[in-house]
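Everything on this sheet refers to the single structure shown next.
The values are calculated or read from the model by the stated rules, or taken from the named source; none is laboratory data. No experiment lies behind these values; they were computed from the predicted model shown. Counting neighbours? That spans all protein chains shown, and the Cβs are built from the backbone with ideal geometry, glycine included.
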């Protein structure tokens, strides 16, 4: 797998891990806001015990992606990720967009109740 593929894999893993970790907390809220209800919606909370493990996996994927993007390059081979500054910039923008999404999704269940009660 080439360098760009490794970065994409890390970003995708981080995003998927975040979505899986937020199913127990944000999933029922989003479904209720969309008007979907039922007993099965409360069953999404059964995944709550796995949340710390999924968040740790998400952090590991993002750390790996960040390392792959920002590590010092000794030699830049023609056709590699570091040889194309435009591609490198787009990868870094995608990395920070995913990191911002992860941060928002992880912190939202903690911040939202405080905002609603204020």
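Structure above, values below:
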{"quantity": "Residue in the range 85-96 that is in a loop (DSSP other than H, G, I, E, B) and over 23 Å from the mean Cα position of the chain (by Cα) present", "calculated": "no"}
{"quantity": "Residue that is under 20 Å from residue 9 (Cα atoms), surrounded by fewer than 10 Cβ atoms within 10 Å (Cβ to Cβ) and at pLDDT 80 or above, where the choices are 92, 86", "calculated": "86"}
{"quantity": "Qualifying residue in the range 48-66 (condition: surrounded by 12 or more Cβ atoms within 10 Å (Cβ to Cβ), closer than 22 Å to residue 107 by Cα and either in contact with a strand residue (DSSP E or B) (Cβ under 6 Å, 6 or more places away or on another chain) or at pLDDT below 75 (or both))", "calculated": "yes"}
{"quantity": "Residue 8 at pLDDT below 80, out of contact with any helix residue (DSSP H, G or I) (no Cβ under 7 Å at 6 or more places or on another chain), part of a helix (DSSP H, G or I) and under 24 Å from residue 106 (Cβ atoms)", "calculated": "yes"}
{"quantity": "Residue ID - surrounded by the fewest Cβ atoms within 10 Å (Cβ to Cβ), chosen from residues in the range 67-83 that are assigned to a helix (DSSP H, G or I) and modelled with pLDDT under 80", "calculated": "83"}
